[in-house]
Amino acid sequence: MLNNWVVMPTCLPLVLRRCHTCASESFRANGKFRVNANHKLLDAWLLALCTACGGTTKLTVLERTHVRSVRPELLDRMHDNDPGLAAELLQDPVLRRRNRIALDWDNAWRLDTGGPDHPDGEVVDVIDVSVRFAARIPVRPARLIAEGCGLSRAEVGRLIAEGKLVSASRLTGRLSGDFTFLLKR
């Protein structure tokens, strides 16, 4: 039987960037936007607040863009300060590269296993699991497997070494894309 697990974001991740005021390294995006028009050109920024001093930084979304080239729905979502749009934009690698930021996903996601985490009294010899990511969240597969199956990470590492935990994807390092694994006990 195939089990489906989902890695879901619980909030927006921290934005890793140096604060010019207090030298802190992290900002919290709250979904607020600033849009500025200069004749027929638009500038738009996603605002983020320093976690230490509360100072504001602007992450460039649009820069000197002609008004007619911006989709009206996108502009409406920015004017409405849509937190869903902020989440989408933070996932965009072009925006992250342009603004020279990284994301810190610690404590910003959860694993939904679709049922009880550890079924009592039920011994299963083989577990086939498909893991789907609702957002591009870099997580160690060993951590997901340990959390979902109720094992320690050391035991997951031992199962990988013994060949009892197999996957077409690499189970070491970090993954942010869907994968499947098979656990033989």
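The values are calculated or read from the model by the stated rules, or taken from the named source; none is laboratory data. All figures in this text were calculated on a predicted structure; none of them were measured in a lab. Because the Cβ atoms are built from the backbone with ideal geometry, glycine has one as well, and the counts that use them run over all protein chains shown. What goes into the accessible areas is simple: the full protein's heavy atoms, side chains included, and nothing from ligands, DNA or RNA. Shrake-Rupley method; radii C 1.70, N 1.55, O 1.52, S 1.80 Å.
Observations on the structure shown:
- On the stretch given as the stretch 97-114, residues that are among the polar types (S, T, N, Q) and either in a strand (DSSP E or B) or surrounded by fewer than 17 Cβ atoms within 10 Å (Cβ to Cβ) (or both) total 1.
- Pairs are defined by a Cβ separation below 9 Å, a sequence spacing of at least 6 or placement on different chains, a first member in the stretch 71-86 that is more than 23 Å from Pro9 (Cβ to Cβ), and a second member that is open to solvent by less than 80 Å² (accessible area, probe 1.4 Å) and part of a helix (DSSP H, G or I); the pairs so defined are Leu75/Val67.
Matching residues to (1) out of contact with any helix residue (DSSP H, G or I) (no Cβ under 9 Å at 6 or more places or on another chain); (2) at pLDDT 95 or above; (3) of a type in the set (Gly, Ala, Ser):
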position	(1), (2), (3)
Val35	no, yes, no
Cys50	yes, yes, no
Gly55	yes, no, yes
Val61	no, yes, no
Glu73	yes, yes, no
Asp80	yes, yes, no
Gly84	no, no, yes
Gln91	yes, no, no
Ile101	no, yes, no
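- Residue tally, condition among the charged types (D, E, K, R) and either under 23 Å from the mean Cα position of the chain (by Cα) or open to solvent by less than 40 Å² (accessible area, probe 1.4 Å) (or both), over the stretch 35-67: 2
- Selection over the stretch 132-149 of residues that are assigned to a loop (DSSP other than H, G, I, E, B), open to solvent by 40 Å² or more (accessible area, probe 1.4 Å) and modelled with pLDDT of 90 or more gives a count of 3.
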